[in-house]
């Protein structure tokens, strides 16, 4: 977490007046609040870590469990919609 926060602060410092939040979203109900904000703002909801290997492995697991494959750029908090 410390490494991520330092990187975020460095990146944000290049773009005044941008501020990087070091808030730990996992504590004190932060996860629930994050989901609420994400739904309200319609943030993209990525269902894998982001690398092609994770996407492949997640989709293989989903197929075995009779679940639909992940389609990149489609799922948003609260609803599905295609971007682009």
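Taken along the Cα-to-beta-carbon direction at a fixed 7 Å, the label points for residue 1 and residue 26 span 0.7 nm. Under the criterion of Cα pairs below 8 Å and six or more residues apart, the relative contact order for the chain equals 21 percent.
Of the two radii for segment 1-41, the radius of gyration is 1.05 times the Kirkwood radius, both from the alpha carbons; that is the Rg over Rh value.
What does the helix-only formula give at 222 nm for the chain: each DSSP H stretch with n ≥ 4 adding -39500 (n - 2.57), the total divided by the residues, and the result rounded to the nearest 500 deg cm²/dmol?
The helix contribution divided over the chain gives -14000 deg cm²/dmol.
Among the listed values (i) 36, 36, 20; (ii) 45, 32, 28; (iii) 55, 21, 19, the one matching Cα extents along the principal axes in Å as calculated from this structure is (ii).
Bear in mind these aren't lab numbers, they're just calculated from the coordinates by the rules spelled out. Please read all numbers here as calculations on a predicted model, not as lab measurements. Here Cβ is always computed from backbone atoms with ideal geometry, including for glycine, and neighbour counts include all displayed protein chains.
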